[in-house]
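The structure's right below; bear with me while I get my questions together.
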Amino acid sequence: MEGLRASSDLSSIHIPNSTRKTQFTRHKFLNFQFNPVPTSTLSRKTQSKSKLFTAMPSSPSFVSKPEPELEADSRAEKFDWYAHWYPVMPVCDLDKRAPRAKKVMGLDIVVWWDKNESSWRVFKDACPHRLAPLSEGRIDQWGRLQCVYHGWCFNGSGNCNFIPQAPPDGPPVCRSKRACVAVYPSTVHHDIVWFWPDTDPQYKDIILKKQPPFIPELDDPSYIKITGSRDLPYGYEVMIENLMDPAHVPYAHYGIMRTRKPKVKVDREGGSPVELSIKKLDIDGFVGDQGQFGVNKFIAPCITCAHSSPVIDHGDSAIADAEKQPSMQRRAGLIFFSIPISPGNSRLIWVIPINFRVWINKVVPRFINHWAVNKVLDSDLYLLHLEERKIMENESSNWQKACFVPTKSDAFVVGFRKWLHKYAGGQVDWRGNHGGALPPTPPREQLLDRYWSHVVNCSSCNSAYKGFSALEVILQFASLAFIGIAGATKHKTKTMVAMAVVCFACSKWLNQFIYKNFHFHDYDHAFR
Ligand code: FES
Ligand SMILES: [Fe+2]
(Lines give C-alpha, C1' and ligand atoms only; values in the text may rest on other atoms or scores of the structure.)
(Ligands and ions follow the chains in the order given, each with its own letter.)
Protein backbone atom coordinates (compact mmCIF):
# COMPACT_ATOMS: atom_id res chain seq x y z
CA MET A 1 0.00 0.00 0.00
CA GLU A 2 2.74 2.35 -0.96
CA GLY A 3 0.27 4.67 -2.60
CA LEU A 4 -1.60 4.93 0.63
CA ARG A 5 1.58 5.63 2.52
CA ALA A 6 2.57 8.21 0.00
CA SER A 7 -0.63 10.11 0.46
CA SER A 8 -0.30 9.74 4.20
CA ASP A 9 3.14 11.22 4.09
CA LEU A 10 1.86 14.11 2.08
CA SER A 11 -0.71 14.92 4.64
CA SER A 12 2.12 15.77 6.96
CA ILE A 13 3.09 18.62 4.70
CA HIS A 14 0.17 20.59 5.93
CA ILE A 15 0.11 19.98 9.59
CA PRO A 16 2.25 22.23 11.68
CA ASN A 17 2.08 21.30 15.34
CA SER A 18 2.81 24.42 17.16
CA THR A 19 2.09 23.84 20.79
CA ARG A 20 1.42 27.45 21.60
CA LYS A 21 -2.06 27.89 22.91
CA THR A 22 -4.50 29.92 20.89
CA GLN A 23 -5.20 33.17 22.63
CA PHE A 24 -8.27 35.04 21.62
CA THR A 25 -6.66 38.40 21.86
CA ARG A 26 -6.96 41.12 19.28
CA HIS A 27 -3.69 40.42 17.50
CA LYS A 28 -4.61 36.81 17.04
CA PHE A 29 -7.61 37.62 14.92
CA LEU A 30 -7.13 37.61 11.24
CA ASN A 31 -6.49 40.96 9.75
CA PHE A 32 -8.08 40.61 6.39
CA GLN A 33 -10.38 42.96 4.67
CA PHE A 34 -13.31 42.13 2.47
CA ASN A 35 -14.94 44.36 -0.04
CA PRO A 36 -18.63 43.83 0.34
CA VAL A 37 -20.21 42.41 -2.78
CA PRO A 38 -23.80 43.25 -3.62
CA THR A 39 -25.77 40.04 -3.36
CA SER A 40 -28.24 40.93 -6.06
CA THR A 41 -25.72 41.50 -8.79
CA LEU A 42 -22.08 40.85 -9.46
CA SER A 43 -20.68 44.24 -10.18
CA ARG A 44 -17.67 44.23 -12.45
CA LYS A 45 -16.90 47.85 -11.70
CA THR A 46 -13.88 48.85 -9.69
CA GLN A 47 -14.64 48.41 -6.04
CA SER A 48 -14.07 51.18 -3.57
CA LYS A 49 -11.48 50.93 -0.88
CA SER A 50 -12.84 49.61 2.36
CA LYS A 51 -11.71 51.40 5.46
CA LEU A 52 -12.19 48.78 8.12
CA PHE A 53 -11.64 45.11 8.42
CA THR A 54 -14.04 43.11 10.52
CA ALA A 55 -13.45 39.44 11.07
CA MET A 56 -16.56 39.30 13.19
CA PRO A 57 -18.74 42.32 12.62
CA SER A 58 -20.98 41.76 15.59
CA SER A 59 -18.09 42.06 18.02
CA PRO A 60 -16.37 45.46 18.11
CA SER A 61 -13.38 44.04 19.98
CA PHE A 62 -12.51 42.03 16.91
CA VAL A 63 -12.14 45.06 14.69
CA SER A 64 -8.62 45.91 13.75
CA LYS A 65 -6.78 47.67 11.01
CA PRO A 66 -5.82 45.64 7.98
CA GLU A 67 -2.29 44.40 7.53
CA PRO A 68 -0.68 46.73 5.00
CA GLU A 69 0.03 44.06 2.40
CA LEU A 70 -3.58 42.90 2.51
CA GLU A 71 -5.22 46.27 2.33
CA ALA A 72 -7.69 46.59 -0.51
CA ASP A 73 -6.50 48.42 -3.59
CA SER A 74 -8.96 51.08 -4.69
CA ARG A 75 -7.98 50.48 -8.31
CA ALA A 76 -8.25 46.72 -8.05
CA GLU A 77 -8.16 45.03 -11.43
CA LYS A 78 -11.00 42.72 -12.26
CA PHE A 79 -10.34 39.03 -12.69
CA ASP A 80 -11.78 37.75 -15.94
CA TRP A 81 -12.92 34.16 -15.42
CA TYR A 82 -12.97 33.62 -19.19
CA ALA A 83 -9.40 34.74 -19.85
CA HIS A 84 -7.67 31.74 -18.29
CA TRP A 85 -6.85 28.18 -19.19
CA TYR A 86 -8.85 25.47 -17.42
CA PRO A 87 -7.76 21.87 -16.93
CA VAL A 88 -10.19 19.37 -18.40
CA MET A 89 -8.81 15.88 -17.71
CA PRO A 90 -5.49 14.10 -17.23
CA VAL A 91 -4.43 12.60 -20.56
CA CYS A 92 -3.97 9.17 -18.96
CA ASP A 93 -7.71 9.03 -18.29
CA LEU A 94 -8.82 9.90 -21.79
CA ASP A 95 -9.49 7.30 -24.45
CA LYS A 96 -8.30 8.18 -27.94
CA ARG A 97 -10.98 5.93 -29.41
CA ALA A 98 -13.98 7.76 -27.99
CA PRO A 99 -15.16 11.34 -27.47
CA ARG A 100 -15.73 12.29 -23.83
CA ALA A 101 -18.27 14.74 -22.41
CA LYS A 102 -17.19 17.20 -19.73
CA LYS A 103 -18.67 20.26 -18.13
CA VAL A 104 -16.41 23.13 -17.09
CA MET A 105 -17.53 26.63 -16.06
CA GLY A 106 -21.06 25.58 -16.94
CA LEU A 107 -20.00 24.88 -20.52
CA ASP A 108 -20.75 21.52 -22.07
CA ILE A 109 -17.68 20.42 -23.98
CA VAL A 110 -16.51 17.30 -25.78
CA VAL A 111 -12.87 16.21 -25.74
CA TRP A 112 -11.66 13.97 -28.55
CA TRP A 113 -8.48 12.80 -30.17
CA ASP A 114 -7.81 14.14 -33.65
CA LYS A 115 -5.55 11.46 -35.08
CA ASN A 116 -4.98 13.43 -38.28
CA GLU A 117 -3.34 16.26 -36.37
CA SER A 118 -2.24 14.14 -33.39
CA SER A 119 -3.82 16.45 -30.87
CA TRP A 120 -6.65 16.62 -28.38
CA ARG A 121 -9.55 18.81 -29.45
CA VAL A 122 -12.18 20.50 -27.35
CA PHE A 123 -15.47 21.38 -29.04
CA LYS A 124 -18.78 22.70 -27.85
CA ASP A 125 -20.78 19.57 -27.12
CA ALA A 126 -23.61 20.34 -29.54
CA CYS A 127 -23.96 19.33 -33.15
CA PRO A 128 -24.77 22.35 -35.35
CA HIS A 129 -27.49 20.31 -37.08
CA ARG A 130 -29.98 19.77 -34.27
CA LEU A 131 -27.80 20.13 -31.18
CA ALA A 132 -27.39 16.45 -30.34
CA PRO A 133 -24.39 15.90 -28.04
CA LEU A 134 -21.26 15.13 -30.05
CA SER A 135 -19.83 13.37 -27.00
CA GLU A 136 -22.28 10.55 -27.71
CA GLY A 137 -20.77 10.19 -31.15
CA ARG A 138 -17.81 8.25 -32.49
CA ILE A 139 -14.52 8.78 -34.24
CA ASP A 140 -14.93 7.43 -37.76
CA GLN A 141 -12.35 5.54 -39.81
CA TRP A 142 -11.00 8.80 -41.24
CA GLY A 143 -10.47 10.24 -37.77
CA ARG A 144 -13.42 12.63 -37.94
CA LEU A 145 -15.82 13.28 -35.09
CA GLN A 146 -19.14 11.88 -36.19
CA CYS A 147 -22.45 12.93 -34.70
CA VAL A 148 -24.39 9.70 -34.35
CA TYR A 149 -27.80 11.26 -34.73
CA HIS A 150 -27.64 11.82 -38.50
CA GLY A 151 -23.99 11.15 -39.29
CA TRP A 152 -22.58 14.63 -39.87
CA CYS A 153 -18.77 14.55 -39.61
CA PHE A 154 -16.34 17.21 -38.40
CA ASN A 155 -12.61 17.62 -38.70
CA GLY A 156 -10.28 18.92 -35.98
CA SER A 157 -10.92 22.53 -36.99
CA GLY A 158 -14.63 22.14 -36.43
CA ASN A 159 -15.44 22.21 -40.13
CA CYS A 160 -18.17 19.93 -41.33
CA ASN A 161 -16.86 17.77 -44.13
CA PHE A 162 -19.64 15.27 -44.55
CA ILE A 163 -23.43 15.51 -44.44
CA PRO A 164 -24.83 12.16 -45.59
CA GLN A 165 -28.23 13.66 -46.40
CA ALA A 166 -26.80 16.35 -48.73
CA PRO A 167 -26.94 15.26 -52.41
CA PRO A 168 -23.45 15.36 -53.99
CA ASP A 169 -24.75 17.51 -56.83
CA GLY A 170 -26.72 19.85 -54.54
CA PRO A 171 -25.66 23.10 -52.86
CA PRO A 172 -22.43 22.79 -50.79
CA VAL A 173 -24.19 23.02 -47.43
CA CYS A 174 -21.15 21.48 -45.78
CA ARG A 175 -19.23 24.66 -46.40
CA SER A 176 -21.75 26.86 -44.63
CA LYS A 177 -20.39 28.51 -41.50
CA ARG A 178 -23.51 27.31 -39.75
CA ALA A 179 -22.41 23.72 -40.33
CA CYS A 180 -19.26 24.26 -38.23
CA VAL A 181 -18.88 23.27 -34.58
CA ALA A 182 -17.64 25.86 -32.11
CA VAL A 183 -14.03 25.02 -31.23
CA TYR A 184 -12.33 25.95 -27.97
CA PRO A 185 -8.57 26.52 -27.98
CA SER A 186 -6.93 23.54 -26.27
CA THR A 187 -3.50 22.31 -25.31
CA VAL A 188 -1.74 19.58 -23.35
CA HIS A 189 0.31 20.86 -20.45
CA HIS A 190 1.75 18.82 -17.56
CA ASP A 191 0.00 15.74 -19.04
CA ILE A 192 -3.40 17.38 -18.65
CA VAL A 193 -5.71 18.58 -21.42
CA TRP A 194 -6.57 22.27 -20.92
CA PHE A 195 -9.04 24.48 -22.73
CA TRP A 196 -9.65 28.20 -23.11
CA PRO A 197 -13.35 28.82 -22.38
CA ASP A 198 -14.03 31.15 -25.28
CA THR A 199 -14.69 30.06 -28.86
CA ASP A 200 -14.25 33.55 -30.32
CA PRO A 201 -11.82 33.18 -33.27
CA GLN A 202 -9.63 35.96 -31.81
CA TYR A 203 -8.46 33.39 -29.20
CA LYS A 204 -7.59 30.70 -31.73
CA ASP A 205 -3.85 31.12 -31.13
CA ILE A 206 -4.07 32.26 -27.53
CA ILE A 207 -1.52 29.61 -26.57
CA LEU A 208 1.15 31.71 -28.29
CA LYS A 209 0.43 34.59 -25.90
CA LYS A 210 -0.54 32.87 -22.72
CA GLN A 211 0.20 29.35 -21.45
CA PRO A 212 -1.31 27.48 -18.51
CA PRO A 213 0.66 27.98 -15.28
CA PHE A 214 4.00 26.21 -15.17
CA ILE A 215 4.66 24.04 -12.12
CA PRO A 216 8.34 23.01 -11.94
CA GLU A 217 7.81 19.68 -10.11
CA LEU A 218 5.43 18.53 -12.82
CA ASP A 219 8.13 19.02 -15.41
CA ASP A 220 10.95 17.44 -13.40
CA PRO A 221 11.79 13.87 -14.51
CA SER A 222 13.18 13.01 -11.06
CA TYR A 223 9.62 13.13 -9.73
CA ILE A 224 6.96 10.55 -10.22
CA LYS A 225 3.43 11.91 -10.45
CA ILE A 226 0.38 10.21 -8.99
CA THR A 227 -2.67 11.60 -10.75
CA GLY A 228 -6.42 11.25 -10.52
CA SER A 229 -9.68 13.14 -10.69
CA ARG A 230 -13.09 13.12 -9.11
CA ASP A 231 -16.29 15.10 -9.53
CA LEU A 232 -17.57 16.32 -6.18
CA PRO A 233 -21.01 17.55 -5.06
CA TYR A 234 -19.82 20.84 -3.65
CA GLY A 235 -18.79 24.03 -5.34
CA TYR A 236 -15.46 25.43 -6.44
CA GLU A 237 -15.24 27.92 -3.57
CA VAL A 238 -15.75 25.31 -0.86
CA MET A 239 -13.29 22.99 -2.59
CA ILE A 240 -10.49 25.57 -2.67
CA GLU A 241 -11.09 26.47 0.96
CA ASN A 242 -10.96 22.85 2.01
CA LEU A 243 -7.72 22.22 0.13
CA MET A 244 -6.07 25.15 1.88
CA ASP A 245 -7.26 24.30 5.35
CA PRO A 246 -4.77 22.07 7.18
CA ALA A 247 -6.58 22.39 10.50
CA HIS A 248 -9.44 20.12 9.45
CA VAL A 249 -7.23 17.14 8.62
CA PRO A 250 -6.77 15.60 12.10
CA TYR A 251 -10.55 15.73 12.63
CA ALA A 252 -12.36 15.23 9.35
CA HIS A 253 -9.83 12.62 8.19
CA TYR A 254 -9.19 11.07 11.57
CA GLY A 255 -7.73 7.59 11.25
CA ILE A 256 -7.22 8.00 7.50
CA MET A 257 -4.41 10.51 7.15
CA ARG A 258 -1.26 10.56 9.16
CA THR A 259 -0.57 13.94 10.72
CA ARG A 260 2.35 15.33 12.68
CA LYS A 261 1.86 14.71 16.37
CA PRO A 262 1.78 17.87 18.48
CA LYS A 263 4.22 18.08 21.38
CA VAL A 264 1.35 18.65 23.76
CA LYS A 265 -1.71 16.65 22.92
CA VAL A 266 -4.90 18.42 23.88
CA ASP A 267 -7.27 15.88 22.40
CA ARG A 268 -7.28 12.42 20.86
CA GLU A 269 -7.15 13.71 17.29
CA GLY A 270 -4.09 15.89 17.80
CA GLY A 271 -5.26 19.34 16.75
CA SER A 272 -3.13 22.31 17.68
CA PRO A 273 -2.68 25.99 16.81
CA VAL A 274 -1.67 26.41 13.19
CA GLU A 275 0.26 29.52 12.30
CA LEU A 276 -0.62 30.44 8.73
CA SER A 277 -0.15 33.77 7.06
CA ILE A 278 -0.57 35.35 3.64
CA LYS A 279 2.63 36.82 2.26
CA LYS A 280 1.40 38.22 -1.03
CA LEU A 281 -2.05 38.54 -2.53
CA ASP A 282 -2.95 39.96 -5.88
CA ILE A 283 -5.20 39.33 -8.85
CA ASP A 284 -3.22 36.20 -9.76
CA GLY A 285 -3.75 34.53 -6.39
CA PHE A 286 -1.69 34.44 -3.22
CA VAL A 287 1.30 32.94 -1.51
CA GLY A 288 0.74 31.54 1.96
CA ASP A 289 3.33 30.69 4.55
CA GLN A 290 3.22 27.75 6.93
CA GLY A 291 6.48 28.65 8.64
CA GLN A 292 8.89 25.74 8.79
CA PHE A 293 6.34 23.52 7.05
CA GLY A 294 6.61 25.16 3.70
CA VAL A 295 4.68 27.34 1.35
CA ASN A 296 1.18 27.17 -0.11
CA LYS A 297 0.21 28.88 -3.30
CA PHE A 298 -3.10 29.67 -4.89
CA ILE A 299 -2.71 30.36 -8.60
CA ALA A 300 -6.02 31.75 -9.77
CA PRO A 301 -8.39 30.41 -10.68
CA CYS A 302 -7.74 26.68 -10.34
CA ILE A 303 -4.43 25.71 -8.79
CA THR A 304 -3.47 25.21 -5.19
CA CYS A 305 0.01 23.90 -4.43
CA ALA A 306 1.58 22.78 -1.21
CA HIS A 307 5.29 22.12 -1.14
CA SER A 308 6.97 20.38 1.70
CA SER A 309 10.17 21.50 3.23
CA PRO A 310 12.80 18.85 2.47
CA VAL A 311 12.06 15.67 4.39
CA ILE A 312 15.07 14.43 6.30
CA ASP A 313 15.57 10.71 6.09
CA HIS A 314 16.87 9.56 9.47
CA GLY A 315 17.54 6.11 8.10
CA ASP A 316 14.53 4.63 9.83
CA SER A 317 13.12 3.35 6.59
CA ALA A 318 14.70 1.66 3.66
CA ILE A 319 14.40 4.18 0.90
CA ALA A 320 16.29 2.81 -2.01
CA ASP A 321 16.53 6.04 -3.94
CA ALA A 322 17.67 8.09 -1.00
CA GLU A 323 20.30 5.51 -0.09
CA LYS A 324 21.70 5.60 -3.57
CA GLN A 325 21.77 9.38 -3.53
CA PRO A 326 22.46 10.44 0.05
CA SER A 327 22.57 14.09 -0.89
CA MET A 328 19.15 13.95 -2.47
CA GLN A 329 16.42 15.75 -0.59
CA ARG A 330 13.19 13.88 -0.32
CA ARG A 331 10.47 16.15 -1.51
CA ALA A 332 6.78 15.80 -2.11
CA GLY A 333 4.09 18.18 -3.16
CA LEU A 334 0.36 18.34 -3.49
CA ILE A 335 -0.91 20.02 -6.63
CA PHE A 336 -4.66 20.40 -6.83
CA PHE A 337 -6.65 21.65 -9.78
CA SER A 338 -10.10 22.79 -8.64
CA ILE A 339 -12.42 23.13 -11.58
CA PRO A 340 -15.82 24.84 -11.44
CA ILE A 341 -18.42 22.61 -13.11
CA SER A 342 -21.68 24.28 -12.09
CA PRO A 343 -23.06 25.80 -8.88
CA GLY A 344 -22.65 23.14 -6.19
CA ASN A 345 -20.44 20.91 -8.34
CA SER A 346 -16.72 20.90 -8.94
CA ARG A 347 -13.99 18.63 -10.24
CA LEU A 348 -10.75 17.90 -8.46
CA ILE A 349 -7.67 16.81 -10.37
CA TRP A 350 -4.88 15.89 -8.00
CA VAL A 351 -1.25 15.41 -8.89
CA ILE A 352 1.14 14.22 -6.20
CA PRO A 353 4.75 14.71 -7.32
CA ILE A 354 7.22 12.66 -5.25
CA ASN A 355 10.95 12.32 -5.75
CA PHE A 356 11.43 9.34 -3.43
CA ARG A 357 10.11 5.78 -3.47
CA VAL A 358 9.89 6.40 -7.18
CA TRP A 359 10.26 2.76 -8.21
CA ILE A 360 7.50 1.64 -5.82
CA ASN A 361 5.08 4.21 -7.13
CA LYS A 362 5.93 3.18 -10.67
CA VAL A 363 5.01 -0.43 -9.88
CA VAL A 364 1.90 0.10 -7.76
CA PRO A 365 -1.17 0.62 -9.96
CA ARG A 366 -2.93 3.95 -9.64
CA PHE A 367 -6.19 2.44 -8.40
CA ILE A 368 -4.51 1.49 -5.11
CA ASN A 369 -3.64 5.13 -4.50
CA HIS A 370 -7.11 6.16 -5.64
CA TRP A 371 -8.77 4.00 -2.97
CA ALA A 372 -6.86 5.98 -0.36
CA VAL A 373 -7.57 9.37 -1.95
CA ASN A 374 -11.25 8.58 -2.44
CA LYS A 375 -11.53 7.59 1.20
CA VAL A 376 -10.07 10.96 2.18
CA LEU A 377 -12.43 12.78 -0.19
CA ASP A 378 -15.43 10.84 1.10
CA SER A 379 -14.71 11.58 4.72
CA ASP A 380 -15.45 15.29 4.48
CA LEU A 381 -17.66 15.27 1.39
CA TYR A 382 -20.95 15.32 3.28
CA LEU A 383 -19.71 18.05 5.62
CA LEU A 384 -18.74 20.28 2.71
CA HIS A 385 -21.90 19.60 0.77
CA LEU A 386 -24.06 20.73 3.69
CA GLU A 387 -21.71 23.55 4.70
CA GLU A 388 -22.07 25.12 1.27
CA ARG A 389 -25.84 25.08 1.59
CA LYS A 390 -25.69 26.72 4.99
CA ILE A 391 -23.45 29.46 3.61
CA MET A 392 -25.85 30.04 0.72
CA GLU A 393 -28.86 30.11 3.03
CA ASN A 394 -27.15 32.62 5.27
CA GLU A 395 -27.87 36.08 4.00
CA SER A 396 -27.37 35.20 0.36
CA SER A 397 -23.89 33.76 0.65
CA ASN A 398 -22.35 36.60 2.62
CA TRP A 399 -19.46 34.46 3.75
CA GLN A 400 -17.73 36.87 6.09
CA LYS A 401 -20.94 37.44 8.00
CA ALA A 402 -21.88 33.80 8.08
CA CYS A 403 -18.56 32.45 9.35
CA PHE A 404 -16.47 33.21 12.43
CA VAL A 405 -12.78 32.70 11.70
CA PRO A 406 -10.85 33.88 14.75
CA THR A 407 -7.57 31.94 14.48
CA LYS A 408 -4.67 31.98 12.10
CA SER A 409 -5.41 28.45 11.00
CA ASP A 410 -8.03 29.97 8.68
CA ALA A 411 -5.65 32.50 7.13
CA PHE A 412 -5.54 30.78 3.73
CA VAL A 413 -9.32 30.38 3.64
CA VAL A 414 -9.74 34.06 4.44
CA GLY A 415 -7.06 34.89 1.89
CA PHE A 416 -8.99 33.02 -0.78
CA ARG A 417 -12.25 34.74 0.12
CA LYS A 418 -10.44 38.06 0.02
CA TRP A 419 -9.13 37.31 -3.47
CA LEU A 420 -12.60 36.21 -4.55
CA HIS A 421 -14.28 39.35 -3.28
CA LYS A 422 -11.60 41.84 -4.19
CA TYR A 423 -10.85 40.70 -7.72
CA ALA A 424 -13.23 38.01 -8.91
CA GLY A 425 -16.73 39.32 -8.30
CA GLY A 426 -17.36 37.24 -5.16
CA GLN A 427 -18.12 34.02 -7.02
CA VAL A 428 -17.59 32.14 -10.25
CA ASP A 429 -18.89 34.08 -13.22
CA TRP A 430 -21.27 31.57 -14.85
CA ARG A 431 -22.18 34.04 -17.60
CA GLY A 432 -25.78 32.96 -17.55
CA ASN A 433 -24.90 29.30 -18.03
CA HIS A 434 -26.51 28.70 -14.66
CA GLY A 435 -28.96 30.47 -12.41
CA GLY A 436 -26.64 30.11 -9.44
CA ALA A 437 -29.00 28.02 -7.30
CA LEU A 438 -27.57 24.89 -5.74
CA PRO A 439 -29.01 21.55 -6.86
CA PRO A 440 -31.09 19.57 -4.34
CA THR A 441 -29.31 17.15 -2.01
CA PRO A 442 -29.68 13.59 -3.29
CA PRO A 443 -29.75 10.52 -0.99
CA ARG A 444 -26.46 9.91 0.82
CA GLU A 445 -25.55 6.87 -1.27
CA GLN A 446 -25.87 8.93 -4.43
CA LEU A 447 -24.03 11.88 -2.93
CA LEU A 448 -21.02 9.76 -2.02
CA ASP A 449 -21.15 7.67 -5.18
CA ARG A 450 -17.69 6.83 -6.42
CA TYR A 451 -18.60 4.99 -9.60
CA TRP A 452 -19.99 7.83 -11.70
CA SER A 453 -17.87 10.51 -10.08
CA HIS A 454 -14.59 8.69 -10.47
CA VAL A 455 -14.43 5.08 -11.64
CA VAL A 456 -15.93 5.59 -15.09
CA ASN A 457 -13.54 8.50 -15.64
CA CYS A 458 -10.42 6.73 -14.41
CA SER A 459 -8.68 4.30 -16.72
CA SER A 460 -6.96 2.51 -13.83
CA CYS A 461 -10.01 2.10 -11.56
CA ASN A 462 -12.17 1.22 -14.54
CA SER A 463 -9.86 -1.64 -15.52
CA ALA A 464 -9.58 -2.80 -11.91
CA TYR A 465 -13.37 -2.69 -11.54
CA LYS A 466 -13.86 -4.81 -14.63
CA GLY A 467 -11.15 -7.24 -13.50
CA PHE A 468 -12.57 -7.69 -9.99
CA SER A 469 -16.12 -8.00 -11.36
CA ALA A 470 -14.98 -10.71 -13.78
CA LEU A 471 -13.25 -12.52 -10.92
CA GLU A 472 -16.45 -12.40 -8.91
CA VAL A 473 -18.37 -14.06 -11.75
CA ILE A 474 -15.61 -16.68 -12.20
CA LEU A 475 -15.82 -17.55 -8.50
CA GLN A 476 -19.59 -17.95 -8.72
CA PHE A 477 -19.24 -20.24 -11.74
CA ALA A 478 -16.52 -22.19 -9.99
CA SER A 479 -18.77 -22.65 -6.98
CA LEU A 480 -21.54 -24.04 -9.18
CA ALA A 481 -19.07 -26.19 -11.09
CA PHE A 482 -17.76 -27.81 -7.89
CA ILE A 483 -21.32 -28.60 -6.79
CA GLY A 484 -22.05 -30.04 -10.22
CA ILE A 485 -18.92 -32.18 -10.22
CA ALA A 486 -19.65 -33.41 -6.69
CA GLY A 487 -23.21 -34.40 -7.70
CA ALA A 488 -22.20 -36.03 -10.97
CA THR A 489 -19.13 -37.99 -9.93
CA LYS A 490 -19.83 -38.69 -6.24
CA HIS A 491 -16.08 -38.60 -5.97
CA LYS A 492 -14.40 -36.62 -3.18
CA THR A 493 -17.77 -35.07 -2.48
CA LYS A 494 -16.72 -33.36 0.74
CA THR A 495 -13.73 -31.72 -0.90
CA MET A 496 -15.83 -30.53 -3.82
CA VAL A 497 -18.51 -29.10 -1.55
CA ALA A 498 -15.86 -27.39 0.57
CA MET A 499 -14.34 -25.85 -2.56
CA ALA A 500 -17.78 -24.69 -3.66
CA VAL A 501 -18.37 -23.05 -0.30
CA VAL A 502 -14.97 -21.34 -0.37
CA CYS A 503 -15.55 -20.01 -3.90
CA PHE A 504 -19.01 -18.77 -2.96
CA ALA A 505 -17.71 -17.06 0.18
CA CYS A 506 -14.89 -15.44 -1.78
CA SER A 507 -17.32 -14.15 -4.41
CA LYS A 508 -19.51 -12.65 -1.67
CA TRP A 509 -16.51 -11.01 -0.02
CA LEU A 510 -15.36 -9.69 -3.39
CA ASN A 511 -18.82 -8.31 -4.04
CA GLN A 512 -18.64 -6.26 -0.84
CA PHE A 513 -15.07 -5.22 -1.59
CA ILE A 514 -16.07 -3.93 -5.03
CA TYR A 515 -19.06 -2.10 -3.63
CA LYS A 516 -17.01 -0.42 -0.91
CA ASN A 517 -14.10 0.59 -3.10
CA PHE A 518 -15.82 1.42 -6.35
CA HIS A 519 -19.35 2.45 -5.45
CA PHE A 520 -20.09 3.68 -1.98
CA HIS A 521 -18.14 3.89 1.23
CA ASP A 522 -20.13 5.52 3.99
CA TYR A 523 -18.30 7.40 6.67
CA ASP A 524 -19.55 7.71 10.24
CA HIS A 525 -17.32 10.09 12.18
CA ALA A 526 -19.01 9.33 15.48
CA PHE A 527 -17.68 5.78 15.55
CA ARG A 528 -14.10 6.33 14.47
S1 FES B 1 -28.01 16.38 -34.76
FE2 FES B 1 -26.02 15.86 -35.33
S3 FES B 1 -26.23 15.08 -37.29
FE4 FES B 1 -28.21 15.63 -36.75
FE1 LIG C 1 -9.07 5.77 -10.08
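The values are calculated or read from the model by the stated rules, or taken from the named source; none is laboratory data. As the structure is a prediction and not an experimental result, all values here were calculated from the model. We place every Cβ from the backbone using ideal geometry, glycine too, and count neighbours over all the protein chains shown. For accessibility, only protein heavy atoms count, side chains too; no ligands or nucleic acids. Shrake-Rupley method; radii C 1.70, N 1.55, O 1.52, S 1.80 Å.
Can you tell me the length gained on complete extension of the stretch Phe162 to Lys115, counting 0.36 nm per residue apart and subtracting the Cα distance?
The Phe162-Lys115 span can extend by a further 15.2 nm.
What net charge do the residues around Cys153 carry, taking every other residue with its C-beta under 11 Å from that of Cys153, with Lys and Arg at +1 and Asp and Glu at -1?
+1
Along the charge dipole of region 459-527, which of Phe477, Tyr515, Thr493 sits closest to the positive end, that is, farthest toward it, with unit charges on the beta carbon of Lys, Arg, Asp and Glu (+1, +1, -1, -1)?
Result: Thr493.
Select from Ile192, Pro128, Trp81 the residue farthest towards the positive end of the dipole of region 79-198; place +1 on Cβ of Lys and Arg, -1 on Cβ of Asp and Glu, and compute about the Cα centre.
With unit charges placed on the Cβ atoms, the residue in question is Pro128.
Also: Take every Cα pair under 8 Å in region 337-432 that's 6+ residues apart, average their separations, divide by the length, and report that relative contact order as a whole percent.
RCO, region 337-432: 16 percent.
Here is a follow-up. Would you kindly give the portion of the calculated P(r) for region 131-193 that falls above 18 Å, as a percent of all Cα pairs?
40
Hey, how much of the P(r) for region 248-305 falls beyond 15 Å, as a percent of Cα pairs?
In whole percent, the long-distance tail amounts to 60.
How long is region 86-208 along each principal axis, judged by its Cα atoms, biggest number first, in Å?
If we take the Cα atoms of region 86-208, the spans are 47, 30, 26 Å.
Something else about it: Ignoring ligands, DNA and RNA, what percent of the accessible area of region 86-208 is carbon or sulfur (1.4 Å)?
Carbon and sulfur atoms account for 50 percent of the accessible area of region 86-208.
Please get the size of the charge dipole for region 402-528, origin at its Cα centre, with Cβ charges of +1 on Lys and Arg and -1 on Asp and Glu, quoted in debye to the nearest 20.
Using Cβ point charges on Lys, Arg, Asp and Glu, region 402-528 gives about 260 debye.
Report in % the part of the accessible area of region 459-527 that belongs to carbon and sulfur, leaving out ligands and nucleic acids; probe 1.4 Å.
Here it works out to 72 percent.
Can you give the charge dipole size of region 86-208 about its Cα centre, rounded to the nearest 20 debye, using +1 on the beta carbon of Lys and Arg and -1 on the beta carbon of Asp and Glu?
It works out to roughly 240 debye.
What percent do you get for the relative contact order of region 459-527 when only Cα pairs under 8 Å and 6+ apart count?
Averaging sequence separation for qualifying contacts and normalising by length gives 37 percent for region 459-527.
Find the centroid of the Cα atoms in region 146-173 and in region 222-294, then give the distance between the two in whole Å.
Taking the Cα centre of region 222-294 as reference, the centre of region 146-173 is 51 Å away.
Where the convex hull is taken over the Cα atoms of region 459-527, what is its projected area averaged over directions, in nm²?
Answer in nm², one decimal: 6.1.
What length, rounded to one decimal in nm, is gained on full extension from Leu471 through to Ser222, with 0.36 nm per residue of separation minus their alpha-carbon distance?
Between Leu471 and Ser222, full extension yields an extra 86.0 nm.
Structure shown: which of Lys263/Lys401; Lys204/Lys418; Lys280/Lys422; Lys279/Lys408; Lys103/Lys508; Lys124/Lys362 lie over 25 Å apart, alpha-carbon to alpha-carbon?
Violating the 25 Å limit, Cα to Cα: Lys263/Lys401; Lys204/Lys418; Lys103/Lys508; Lys124/Lys362.
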